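Structure record follows, encoded as structure tokens.
The values are calculated or read from the model by the stated rules, or taken from the named source; none is laboratory data. For clarity, every value in this text was computed on a predicted model and none was experimentally measured. Here the Cβ positions follow ideal geometry from the backbone for every residue, glycine too, while neighbour counts run over all protein chains shown. Ligands, DNA and RNA are stripped out before the accessible areas are found, and what is left, the full protein with its side chains, is counted by its heavy atoms. Shrake-Rupley method; radii C 1.70, N 1.55, O 1.52, S 1.80 Å.
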Amino acid sequence: MAPRIAVVGSTNVDLITYVTRMPAPGETLEAPDFRIGCGGKGANQAVAAARLGAEVVMVSKVGDDAFADTSLANFRRFGIDTAHVGRVPGVSSGVAPIFVEPSGENSILIVKGANAHLSPADVDAAADDLAGCDLILLQLEVPVETVHHTIEFARARGIATVLNPAPAAPLDLDVVTKVTFLTPNQTELALLTGLPVTNEDEAIAAARTLVEKGIRCVVVTLGAAGALVVEASGVSRVAPVKVTPKDTTGAGDAFIGSFARFWAESRDIAAALADAALYAADSVTKPGTQTSYASAEEFAALKARRG
Ligand code: RIB
């Protein structure tokens, strides 16, 4: 049976401009290319899991505009359950103007729009569907009280959770330490723990404080350098997969959404993280956000080619 995964999170439309360089203040600069695509950290993670064969339930909010129709049609195209994706009257959908430089590096602005209206009551309204899930995925592009509420909800029912604490925001540590998996980058880890995280030793020390408080596994993402995995049993590393990047937008979401899907089936953290690193690396070799995510068949072929 396919694993069942819920995402309580954001839905955006990405407005992606490919630039030769970022303009200076006051400067007008021509850019070579532009694309509109579906995005939002929550939606991206949902699509990655769905592309890999998971049954996915999305709990989210869209606005009162054409972008809402685009996002809903996109979820349905991937077989994602949209029964709990609500429309907010008189409000724009979430949008993200994104700038991608020739190196593949991106800069992102977020207008939360309807995402700011996802409430704890929306999570309760989805309770019956959430209760049957193997895992719930969370990020921070929706109100923090909704994230806290979902963590408590999942904990009370013994449902595993992955919290991707991005974009960085202050959180209640007493609640956050009830998640199963936490996937911060170094900046997010420093904000969460109040400890310095300027190198790997500090990252391990900070992550250990969270494991001591109850988190089963902290995966500190290091971008192109892979990730550190801190558990009560010790520290390990997810090796980076070397590729030539075209567009890194959504690579972190590819990593987390695919990890959720792989772990929900195998319950093998190391194997799921290694596969997720390959899945995310493959995504940066293609343009766009969700458009760069491989299907289960494409990923199987990629793995076979790599031996
Ligand atoms: O992580 C990438 C995502 O961040 C983009 O899709 C954008 O919408 C923002 O949410």
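What is the number of the single condition among (1) in contact (Cβ under 8 Å) with a residue 24 or more places away in the chain; (2) among the small types (G, A, S); (3) closer than 30 Å to I36 by Cα that A225 does not meet?
Going through (1) in contact (Cβ under 8 Å) with a residue 24 or more places away in the chain; (2) among the small types (G, A, S); (3) closer than 30 Å to I36 by Cα one by one, A225 breaks only (1).
Of the residues in segment 146-180, how many are closer than 18 Å to L192 by Cα and outside any helix (DSSP H, G or I)?
16
Give the residue, chosen from R76, R51, that is within 17 Å of the chain's Cα centre (by Cα), away from the ligand (no atom under 14 Å from the Cβ) and either of a type in the set (V, I, T) or at pLDDT 95 or above (or both).
Every option except R51 fails the conditions.
For segment 285-307, what are the residues that are out of contact with any Lys or Arg (no Cβ under 9 Å at 6 or more places or on another chain) and over 29 Å from V19 (Cα atoms)?
Hits for segment 285-307 are E297, A300, A301, L302, K303, A304, R305, R306, G307.
Count, please, the residues in segment 60-73 that happen to be charged (D, E, K, R), modelled with pLDDT of 95 or more and surrounded by 15 or more Cβ atoms within 10 Å (Cβ to Cβ).
Result for segment 60-73: 2.
Among (1) in contact with a helix residue (DSSP H, G or I) (Cβ under 9 Å, 6 or more places away or on another chain); (2) within 16 Å of the ligand (Cβ to nearest atom); (3) open to solvent by less than 20 Å² (accessible area, probe 1.4 Å); (4) more than 23 Å from A2 (Cα to Cα), where does L182 come up short?
Only one criterion is unmet by L182, namely (2).
For segment 32-48, enumerate the residues that are open to solvent by 40 Å² or more (accessible area, probe 1.4 Å), of a type outside the set (V, I, T) and more than 8 Å from the ligand (Cβ to nearest atom).
Within segment 32-48, P32, D33, F34, R35 qualify.
Name the single residue, out of those in segment 82-99 being more than 12 Å from the ligand (Cβ to nearest atom) and open to solvent by less than 30 Å² (accessible area, probe 1.4 Å), that is farthest from the chain's Cα centre (by Cα).
Only one residue fits best here, namely V88.
Inside segment 117-145, can you point out the residues that are farther than 24 Å from V91 by Cβ and part of a loop (DSSP other than H, G, I, E, B)?
G132, C133, D134
Only one of (1) of a type in the set (D, E); (2) at pLDDT below 95; (3) in a strand (DSSP E or B) fails for D14. Which number is that?
(2)
If you scan segment 100-110, which residues turn out to be in contact (Cβ under 8 Å) with a residue 60 or more places away in the chain and either under 21 Å from V147 (Cα atoms) or within 12 Å of the ligand (Cβ to nearest atom) (or both)?
V100, N106, S107, I108, I110
Name the single residue, out of those in segment 287-307 being assigned to a loop (DSSP other than H, G, I, E, B) and modelled with pLDDT under 95, that is surrounded by the fewest Cβ atoms within 10 Å (Cβ to Cβ).
So the residue we want is G307.
If I ask for residues that are open to solvent by 10 Å² or more (accessible area, probe 1.4 Å) and either in contact with a helix residue (DSSP H, G or I) (Cβ under 8 Å, 6 or more places away or on another chain) or under 10 Å from V59 (Cβ atoms) (or both), which ones from segment 126-139 would you list?
Correct list: A127, D129, A131, D134.
Anything in segment 10-31 that is within 16 Å of the ligand (Cβ to nearest atom) and either closer than 13 Å to S93 by Cα or among the basic types (K, R) (or both)? List them, or say none.
Hits for segment 10-31 are S10, T11, N12, V13, D14, L15.
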